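Just so it is clear, none of the values below were taken in a lab; they were calculated from the coordinates. It should be emphasised that the depicted structure is a prediction, and the values quoted were computed from it without experimental measurement. Cβ coordinates were reconstructed from backbone atoms using ideal geometry, including for glycine residues, and neighbour counts include every protein chain displayed.
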Number of protein chains: 2
Amino acid sequence: MISKLLENYAKEPSYSGTCEAANAVARVVPVTPLLEIDVNGARVFLKAESVQPMGAFKLRGAWWRLVNLNAEERARGVVAFSSGNHAQGIAWGAGRLGISAKIVMPSDAPKAKIANTRALGAEIIFYDRATEDRAAIAANLSETLGATIIPPFDDPWVIEGQGSAGIEATAQMAALGAGPADCVVACCGGGGLSAGMAISCPEAAITIVEPEGWDDMTRSLATGMIESVGANPPKTACDALMTVQPSPLTFAILSGRDAMGVTVLDEEVEAAMRFAFTNLRIVLEPGGAVALAAVLAGKVRLGAQTLVTLSGGNVDPQYFAAVLSRAA
Amino acid sequence: MISKLLENYAKEPSYSGTCEAANAVARVVPVTPLLEIDVNGARVFLKAESVQPMGAFKLRGAWWRLVNLNAEERARGVVAFSSGNHAQGIAWGAGRLGISAKIVMPSDAPKAKIANTRALGAEIIFYDRATEDRAAIAANLSETLGATIIPPFDDPWVIEGQGSAGIEATAQMAALGAGPADCVVACCGGGGLSAGMAISCPEAAITIVEPEGWDDMTRSLATGMIESVGANPPKTACDALMTVQPSPLTFAILSGRDAMGVTVLDEEVEAAMRFAFTNLRIVLEPGGAVALAAVLAGKVRLGAQTLVTLSGGNVDPQYFAAVLSRAA
């Protein structure tokens, strides 16, 4: 059944692909720090992707997809739909490679995000959230222009690119005298990062972490088939992780590795954000702190050397100040 | 005159010493990230020492001093006086090497700092700020026990150790296609980090940055002799940089390199902290943000590839929340 899920993709993401992606990414993006903490005597390594140039791991997948386009595909350009970090990653990478990029964004997107995406050289195509479908707009653009759509996680190269974080972390762990991770805990929205880490960390037990109520991957892994979040999912602080369903590809990869999912509450996420502030001196956004939150809340069975992703750090200063103040 | 200042030291810090220190430090401490920003078209690289295990660069100098003690010195132990990051660095390093460490701290030091230092395995010797002199207590301990005093900056190995940050950064810059720094901007308290960077970045023009009113090194470099801060120096947010006078060694090194000093206002420092929060997603304490503040305020003439130290990130959450709120 798993192999059937993979039928519609150009290729299956591979370990060697994540290694090649790591080499490609290292040439354009600074190495992100690997921080170490002790959790009840276990060594826990934290891969701080929040310190990436655009504040999240998304550059990795975007870059690896873009450099794998052939000359003809590059000439026809790319399309992405997302108002978040993925689109910025595509805009950034396309700008560096001289590829024309169109980003489909809602017309009410934050002005700062629009300006940032434009400053990176991308063209923005606005749509009305209420009346239009962004996927249809992107598909239409793709058909008219012959441009390649780059989805945020449902793509073998994007997944390999995200997985490069695991290759990089393994080398950093070795430099600190630790072997490969026997346990990986990854933040999960659509599953691009977690699936990539599952591939690049072949010896590890994989746990994915989602916000309470946004547990589509957790439930899918539990039942063995693709599930959606329930009707009327609750509010969550983790805006970056509000996906409603895994993609066939990310689900197949994680399911094939017997990954399991856990969920965390906003309070646990905010406690992890404060922990990161005080003990690691880094800024995490809620969605970037879920894996750490699960570890600190004792929800994950740790290995001898656990690798945890800190996936992003783009957070509103007023909200962050409020989170810090709640500590008192 | 410079060479006369160096007469009382066991050795003169050297470039090769900073290289050896970098190798020694890399074996025990994760590599800190090198972040890149564009400032008016110039490449500016930021060495984020705030992400060090104890939140500051001080581990580097502490470790390099400790591993250079001979067997007899190690057996007799070490003494440090400081309630800050240097003492924690000594406690951390001594604990790892099995060296007995005594830290002289004021009896009214923050409980968290006392607990942290103890947890690292050091013994704390309390003194009364009002009636006792910590240097005299340390000297007395040193004489009685034969223990080695490790000063926070007035020591050739400590300076070489701090300079290892420059060696590490140069390698990271090379990986990103940049040559050695032609301009270094360093946070300056007693001058240990800036003197170390001056040695490990031999091709760079050196600028040190101090808080307004705490400009002892700036004035010393301007007049060519060791100056103290004025009587009744103003309040500053930069508690880590409130030194009243350079040491002969740090002054001699910086003066020998024709370094110049600039000062920054608290408002400029807080703007830099907000910049780091939003654009770098890292937490800086005021003293750790002065060099970045000077660059962002346009107070430093930048090179083609400027290297800036972000020296520490230990900051009270309520104060940090207030700094973020002032942005609105």
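State, to one decimal in nm and shortest first, how far the label point of B:Ser107 sits from each corresponding label point in the other identical copies (label point: 7 angstrom along Cα-to-Cβ).
With the label placed 7 Å along Cα→Cβ, B:Ser107 yields 7.2 nm.
Over chain B, what is the mean sequence separation of C-alpha contacts under 8 Å (at least six apart), divided by residue count, expressed as relative contact order in percent?
Numbers: 696 pairs, mean separation 67.6, N = 328.
Reported as a whole number, the value is 21 percent.
Quick check of the Kirkwood formula: for the range B:165-294, what is the inverse mean of 1/r over all pairs of different Cα atoms, in Å? Don't jump to the answer; show the numbers that get you there.
Details: mean 1/r = 0.0670 Å⁻¹.
In the range B:165-294 this quantity evaluates to 14.9 Å.
What share of all Cα pairs of the range A:89-136, in percent, falls into each consecutive 5 Å distance bin?
Final binned percentages: 5, 24, 29, 20, 15, 6, 1.
How far is helix A:85-97 tilted off the main Cα axis of chain A, in degrees rounded to 10, range 0 to 90?
60
Above 34 angstrom, tally the Cα pairs of chain A and express them as a % of all pairs, no decimals.
Values: 9356 of 53628 pairs.
Counting every Cα pair in chain A, those more than 34 Å apart make up 17 percent.
Per-residue mean of other chain beta-carbon atoms within 10 angstrom of the beta-carbon, peptide B:281-292?
Working: counts 18, 9, 7, 1, 1, 0, 0, 1, 0, 0, 0, 0.
Mean partner shielding for this stretch: 3.
List, shortest first and in nm to one decimal, how far the label point of A:Asp133 (7 Å from Cα along Cα→Cβ) is from its counterparts in the other copies.
Ordered by increasing distance: 8.2 nm.
With each pseudo-label sitting 7 Å past Cα toward Cβ, what's the B:Ala175-A:Lys11 distance in nm, one decimal?
Simple spin-label model gives 2.5 nm for this pair.
How would you order B:174-180, B:32-38, B:321-327 from highest to lowest mean count of nearby Cβ atoms within 10 Å? Walk me through the numbers before you get to the answer.
Working: B:174-180: 14.0, B:32-38: 19.7, B:321-327: 17.7.
Packing proxy ranking, top to bottom: B:32-38, B:321-327, B:174-180.
Once both labels are modelled 7 Å past Cα along the beta-carbon direction, what's the A:Ala42-A:Asp316 spacing in nm?
Distance between the two pseudo-spin positions: 3.5 nm.
Using modelled backbone amide H atoms (1.01 Å from N, in-plane), which distant-in-sequence or interchain residues come within less than 5 Å of A:Gly312's amide H?
So A:Gly312 has HN proximity to A:Ser50, A:Glu285, A:Gly288.
What translational D, rounded to a whole number of µm²/s, comes out for the protein assembly as shown from Stokes-Einstein when the hydrodynamic radius is the Kirkwood one over Cα pairs, at 20 °C and 1.002 mPa s? Each step should come with its number before you reach the end.
Details: Rh = 25.8 Å.
Result for D is 83 µm²/s.
Can you list, shortest first in nanometers, how far A:Ala175 lies from the same residue in the other copies, with each label 7 Å from Cα toward Cβ?
Values, ascending and in nm: 0.5.
Between 0 and 90 degrees, rounded to the nearest ten: what's the tilt of helix B:286-296 against the longest Cα principal axis of chain B?
Compared with the principal axis, the helix lies near 20 degrees.
Count, for each residue of A:273-280, the Cβ atoms from other chains sitting within 10 Å of its Cβ, then give me the mean as a whole number.
Going residue by residue through A:273-280 and averaging, the value is 3.
When 1/r is averaged over all different Cα pairs and the result inverted, which Kirkwood radius in Å belongs to the range A:209-281?
On the way: mean 1/r = 0.0761 Å⁻¹.
13.1 Å is the Kirkwood radius here.
Can you work out ³J(HN,Hα) from phi for every residue in the range B:169-177, in order, using Karplus 6.51 cos²θ - 1.76 cosθ + 1.60 and θ = phi - 60°, giving whole Hz and x for Gly and Pro?
Per-residue couplings from phi come out as 5, 4, 5, 5, 5, 4, 5, 9, x Hz.
What chymotrypsin sites (Phe, Trp or Tyr not before Pro) does the range B:135-234 have in DSSP loop regions with at most 15 other beta carbons within 10 Å? Spell out each step's value before the answer.
Values: sites: B:Phe153, B:Trp157, B:Trp214; in loops: B:Phe153, B:Trp214.
In loop regions of the range B:135-234 (DSSP not H, G, I, E or B), there are no sparsely surrounded chymotrypsin sites (Phe, Trp or Tyr not before Pro).
Run lengths n ≥ 4 of DSSP H only: what is the helix-derived mean residue ellipticity at 222 nm for chain A, with -39500 (n - 2.57) per run over all residues, to the nearest 500?
Values: 14 runs with 138 residues, N = 328.
So the calculated ellipticity at 222 nm is -12500 deg cm²/dmol.
For the range B:106-183, which GluC sites (Glu not before Pro) are both in a DSSP coil and crowded by at most 14 other Cβ atoms within 10 Å? Mind dumping the intermediate values first?
Numbers: sites: B:Glu123, B:Glu132, B:Glu143, B:Glu160, B:Glu168; in loops: B:Glu132.
Taking the range B:106-183 and a limit of 14 other Cβ atoms within 10 Å, the loop GluC sites (Glu not before Pro) found are B:Glu132.
Just tell me how shielded B:30-36 is by partners: mean number of partner chain Cβ atoms within 10 Å of each residue's Cβ, no decimals.
Working: counts 10, 6, 2, 10, 3, 6, 3.
Counting Cβ atoms of other protein chains within 10 Å of each residue's Cβ and averaging gives 6.
Could you sort the peptides A:220-228, A:239-247 by per-residue average Cβ neighbour count (10 Å cutoff), highest mean leading?
Numbers: A:220-228: 15.6, A:239-247: 20.2.
In decreasing order of mean packing, A:220-228, A:239-247 become A:239-247, A:220-228.
Amide H neighbours of B:Ile149 under 5 Å, counting only residues 5+ apart in sequence or on other chains, H built in-plane at 1.01 Å?
Here B:Val79 satisfy the definition.
Put +1 on the Cβ of every Lys and Arg and -1 on every Asp and Glu Cβ in the range B:249-325; which of B:Val308, B:Val283, B:Ala271 then has its Cα farthest towards the positive end of the dipole?
Of the options given, the answer is B:Val308.
Running a GNM on chain B with Cα contacts under 10 Å, which residue among B:Ile208, B:Ile90, B:Ile150 ends up with the highest mean-square fluctuation?
Comparing B:Ile208, B:Ile90, B:Ile150 in a Gaussian network model of chain B, the most mobile one is B:Ile150.
For a quick check: with amide H placed at 1.01 Å from N, whose amide H comes under 5 Å from B:Met105's, ignoring anything fewer than 5 positions away on the same chain?
Close amide H contacts, sequence-distant or interchain: B:Ile125, B:Phe126, B:Tyr127.
When only alpha-carbon atoms count, how far does the range A:12-156 stretch along each of its three principal axes, as whole angstroms with the largest first?
56, 34, 27
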